[in-house]
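Bear in mind that the values in this text are calculations on the coordinates, not laboratory data. Keep in mind that what you see is a predicted model, and the values were worked out from it rather than measured. Ideal geometry is used to build each Cβ from the backbone, glycine not excepted, and the neighbour counts take in all protein chains shown.
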Amino acid sequence: MTRAAEPTSEMPSTPGHGRHPRRPRLALIALCLAFFVVQLDVTVVNVAVEAIRIDLGGGLGGQQWIVASYTVVLAAGMLTAGPWATASAHVASACSA
């Protein structure tokens, strides 16, 4: 029967082998900042939608399409940026090791 190795100074007991300490407060601040930027961006589009409607010559339906299409494109960009950022972070941490 084999015994599990006890943690020593050479073998950290935290997941991730001690390379990057977890910073939940920093992650929360980043998420709050990202949410604020998204809300600000959508607010800017809603303010500018009247000028966009006049330039494109549409009605109320056109305004709804402008806001909906912008929101869909923004959401798709955010969904693809998440895995890309995770992958690039892993590459950066592997290169710095």
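Show me, for segment 33-44, the HN-Hα J-couplings you get by feeding each phi into the Karplus relation (A = 6.51, B = -1.76, C = 1.60, θ = phi - 60°), rounded to Hz, glycine and proline as x.
For segment 33-44, the Karplus curve yields 5, 5, 4, 4, 5, 5, 5, 5, 5, 5, 5, 4 Hz.
How big is D, in µm² s⁻¹, for segment 25-81 by Stokes-Einstein at 25 °C and 0.890 mPa s if Rh is the Kirkwood radius over C-alpha pairs?
Answer from the Stokes-Einstein relation: 194 µm²/s.
Calculate one ³J(HN,Hα) per residue across segment 55-63 by plugging θ = phi - 60° into the Karplus curve 6.51 cos²θ - 1.76 cosθ + 1.60, and present them in order as whole Hz with x for glycine and proline.
5, 8, x, x, x, 5, x, x, 4
Express in nm, to one decimal, how much length is gained between VAL72 and LEU56 on full extension, taking 0.36 nm for each residue of separation and deducting their alpha carbon distance.
3.8 nm
On full extension of the chain, what length is gained from PHE35 through LEU79, given 0.36 nm per residue of separation minus the C-alpha to C-alpha distance?
Full extension of this stretch gives 14.5 nm more.
Mind giving me the nanometre distance, one decimal, between the label points for ARG25 and VAL45, set 7 Å out from Cα along Cα→Cβ?
3.5 nm
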